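Trainee: Starting off with a structure, shown below.
Throughout, read-outs are computed from the coordinates displayed, never taken from laboratory work. Fair warning: this is a prediction, and the values are worked out from it, not measured in the lab. Reconstructed Cβ throughout: ideal geometry from the backbone, glycine too, with neighbour counts over all protein chains shown.
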Amino acid sequence: MSQYYPPQALNKDKPVQNHDIVVKNRKTIEITGVKHVESFDHEEFLLETVMGFLAVKGSALKMQNLNVEQGMVAIEGKILEISYLDEPGGDSSKGFFGKLFR
């Protein structure tokens, strides 16, 4: 992933998807704009969104809902941390794993 192309640059017929995060009582999180679920377990979910890679950390996490067509993921459990793994305007030459294990 040496160069990032916004979704509208790849397909002009498809509208750009919004990216929203809704946290309810730190027990449920609903995320839209999800392109791909990279990995998940009961302590961490790693999601590729239209705005970059997103990590959701917590305990007793489980996927409550996944809708690939709409790009929506709902996660249930105790939410401890939500963070993006890439920095806007950051060093894109590091790659995904370089950013993950800094």
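Trainee: Check Leu80: other-chain or 5+ apart residues with amide H under 5 Å from its amide H, H built from backbone geometry?
Mentor: Lys57, Gly58, Ser59
Trainee: Something else about it: Taking K and R as +1 and D and E as -1, what net charge do the other residues with C-beta under 13 Å from the C-beta of Ile79 add up to?
Mentor: On the way: positive: Lys24, Arg26, Lys27, Lys57, Lys62, Lys78; negative: Glu30, Glu43, Glu44, Glu76, Glu81.
Local charge sum for Ile79: +1.
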